[in-house]
1. Using alpha carbon centroids, what distance separates the range B:206-242 and the range A:44-119, in Å?
2. In nm, to one decimal, how far is the modelled label at B:Val353 from the one at A:Asp144, with both set 7 Å along Cα→Cβ?
3. Report relative contact order for the range A:153-266 in percent, whole number only (criteria: Cα-Cα under 8 Å, sequence separation at least 6).
4. Once the other residues with Cβ under 10 Å from the Cβ of A:Thr122 are scored (Lys, Arg +1; Asp, Glu -1), what is the net sum?
5. Using all Cα-Cα distances in the protein assembly as shown, what percent lands in each 20 angstrom bin from 0 up to the longest?
6. Which value in nm describes the separation of the simple spin-label points at B:Leu572 and B:Ile369, placed 7 Å from the Cα toward the beta carbon?
7. Per-residue mean of other chain beta-carbon atoms within 10 angstrom of the beta-carbon, peptide B:471-483?
8. Which order do the peptides B:353-360, A:206-213, B:517-524 take when ranked by the mean count of other beta-carbon atoms within 10 Å per residue, highest first?
Amino acid sequence: MKLHLLLFALMGLLILGCEDSNNDSDPTEELILIGSATENGLSIDLYVDQILKVGLNKLYFDLTDLTSEDQVTEAQITQKPIMHMETMNHSCPVAGPGSAPNSDGLFESEVVFIMASGMMGTWDDTVFVENQETSTSHQVVFEDLTVAETNMKKNLVFNDADSNQVIYIVTLNGLEAPKVGVNDLILTVHKKQTMMSFPEVADLSISIDPQMPDMGHGSEGNVNPVYSENGKYEGKVAFSMTGYWTIDFSFSQGSEELGTIQYAVNF
Amino acid sequence: MQSISRIIIILLLGGNLAAQTGIVTGQVIDHATGLPLVGANVMVRDFNLGSATDLSGRYSMMLQTGSFQITCSVIGYAPTTSGVSVTTNTSSALNFELKPVTIESKHLIHIQGNKTSGHMLGHLQQTNLSTTENLIGMIEGVSLISRGSYAQEPSIRGMSGGRMNITINGMKSFGACTDRMDPITSYVEADALNSIEIGKGALSIQNGSTVGGSLNLTMNQPEYALKKLSQWHIKGGFDAGSKERKLTFSWNKKTPGSGLSFSGAYRKAEDYADARGHIISFTGFEKMGLNLGYKKRLNPKSQLLVELVSDDAYDIGYSALPMDVGYARLRMAGISLKTSGITPHILNAEWKVYGNAIDHWMDDSKREILFMDMHMDMPGFTRTAGSYVDLLLGRNQSSILKLRSDYYWTSSYADMVMYPVGSSPMEMVTWPGVKRWNMGQFMEYQALILPGLNINLSMRYDLFHSKATNEMGQDELHIFYPENDLERMDHLLSANAHLAYNIVDKWRSILSVASGQRIPTVSEAYGYYLYNPVDGYLYLGNPDLPVETSRQIEWQNNLKTSHGSMSLNLYLYRFKHYIFGQVMSEDAFSYANGWKRYIDGGSAQIKGLEWSLLQRFSQRFIFQGGMSYEESRLDRFQDFLPLIPPLEVHGSLTYESKRFWLQLDTHGAAAQTNNSKVSGENSTPAFLIINLKGELDILPGLKLNLGVNNLTNQLYHEHLDWGDIYRPGRSGFVSLTLNNGILGQ
């Protein structure tokens, strides 16, 4: 009797163990599907890791060949997000997706939304896909994307050597849920060249200065943001306590001091 | 049984002899516990005659008629001699209560009872407004750090806080205030004290490893009585200076097999005035302490003791700080089992289990002028539980071995929330939920090598484990120590040796060497931005601090004169890894001068001397006085150590008669200019104050106490006072004590 019980238990463990190992995790499980489109035998699913917001966003494209029902991993994707306003249209800084999917076969891209959707206008994203497996081209539009407002986008405005006004669009990311201690942060800096063109700015020196105005002190343990890729500068900010904090970022390019912009964080 | 043997002896000796002899019989008990002492020697002085006590501590012997001096001695206790008259064919009773020998490394001060030891303290305690701290502060080499009129912190030879080991009835307990505003001594009412045991430096390590010293407060214990009786007292007092009202009471029920004691004290004080008549704001407080003890004899050799202590203080003003204390609360319980004479070799054994909780709430809700225009709260709590086992082993008359195994666990958490007007609350964890346990093993060997030459060796090993467990607190400390797991394990080894020798009959000289260690306190290892008003810096803990180590050498001399005694102690401490706050940033902001971090401050030194004198001029006049002086040095900074007391003197002249006593006492200090510059300490001017007090027995059971403190109305503060706040000016006090004696019992 005891032996039976033991065998039963062992079998149970085996089954459970097998189930665990067989359970391939779905790469899109952690992601949010915000749009699906099919065009000419190709299905394109658009995923995000968080709801879209003003600032840096990660977008994931999942391609499926509808005839074979297989994931398409050899493709070249470009996208063009456009904000449609009453009197004008404009785009925003974009990087990718390009032609190299991640290990889950998803094509990753980064979009820096510079305005929230709503009364002022709506965002859509036009996506071009070159399917290299079938040598076909596809174009779809994901319409009416909801982009939430944040106060993390600022403009750094200065005059260049020729006294022309230059606008760098700066967003602060990573402090959506700040904590006491050291927080990783990412600044993005892109030049507003035209309404449709926002190239990255890669040659800035940025210094960080968090302050607590109610106390009159700053904090120790901050790391100045340093350029990584795609207009991103990665650094660290330390908050020694909860409350209302301001963070000043001072920008310089070569020997030129471009100015300072201030963010507020309250938690 | 012994009555049978007595009869047999008498019968054997025959009527003739019996006609000229009598019996002396009695019991020998431990003065402290009331338990019988087994195997005690009872010897007739000048005769080669003696007896020993049986398992119930009783003895009997037959002597010729006449007067005899009988000495009773047993290992670990002070021998006592008493006279007895033996008359023909009668039995004379002679009982002995022996006091445990306090090891010479400790000063044991009995607060009540024995008038010759701690004489002055005895009187001080009888004045209505003395506090536990005042009592401790009267001992040479002990000073008090004051932050207001409440909860002064004891400092032994300039070492306090984590350098000291404070216990209540042997139980570990830890203050819950990050600013050290609630030293454990503040949770014990002076009226509830029975004795104070002080060990200086690492000379006494039974209660824990230490570099600075140990302090054990023994509270009033329930007592047995040969026949059932109950005793009570009630006392009311008033101090004109701080308008302090005090009410204390006690009730004791004693039977041969059990004892119950219940006592309490309530005090309420307003702000006091200094010598100029200026009211020192935020020096008032309200406090109530209760103490319940129950003792039961389980069998002739064993007893059970249960003790419960509670203490609640409210609205405690701290003039030296921008905040006050809303409440400070202690709850403590202990249960112990003591037994004696288990085997001929195990003389005594005790097992104790205890637990306590302290809650402390600092806030500024009573202040009109707010620190940085905002309210703030600083709650903190500690929880502690522990146990120890003591064994006293002896093989023969001349050597004794004491063993203690102890364990405790403690948890400390504190945070701080500030409420700026029109902005978000600001919160930080200041003690990050630090959990710490300690396992220790202590042994002490005492032996009489030659007549007049004693040695005493002790050793202690400790294992400590500490960890910061609060997540937010961990994140805060990771700003400064990104890779640190905020967990540490420490091994500590302490040892000391004493050699005591009677150079001449009345001159006893003790040479002691000691090596002590201590681990960093919760604040020193894990504290987060703790504000220190002395230097105006915020302090950051350092989880990588090494163990602080001391080497100590001490030479004590006690000289007995025909009418008193004199003592002189010389000492030297050398420290390694002295824990010290080093300036890390001078960026001053609204209230702080910057921030400091606890570091390994390298080597340091303290040396000094203590002198005391007790002289009885006549049957009525007694003088007691003392002096202490020390010098310190922090080598690396070529500076002095902070909070080192200057040259201090005190003296008292007491007139005693049957129904009253009157005491004039004085207390003063020289200017302290050897102040720590690195710590931002100020120098302090000299002062001398005079107090007058007296007591009168009006009726049996009714007693009046009167006195005036600071008789000459000096404007002064002491070097260890935070914020240089002036002490109270002249103030009179009065109290009346009523006890069951009034009923003619």
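Read-outs throughout are calculated quantities, based only on the coordinates presented, and are distinct from any laboratory measurement. These figures come from a predicted structure and were not determined experimentally. Counting neighbours? That spans all protein chains shown, and the Cβs are built from the backbone with ideal geometry, glycine included.
1. Answer, in whole Å: 77.
2. Using points 7 Å along Cα→Cβ, the separation is 7.0 nm.
3. Numbers: 265 pairs, mean separation 28.5, N = 114.
Over the range A:153-266, the number comes to 25 percent.
4. On the way: positive: none; negative: A:Asp124, A:Glu143, A:Asp144.
With Lys, Arg at +1 and Asp, Glu at -1, the neighbours total -3.
5. Percent of Cα pairs in each bin: 11, 33, 26, 17, 10, 3, 0.
6. The modelled label-to-label distance comes out at 4.9 nm.
7. Mean inter-chain Cβ contacts per residue within 10 Å come to 4.
8. Highest-to-lowest ranking by the protection proxy: B:517-524, B:353-360, A:206-213.
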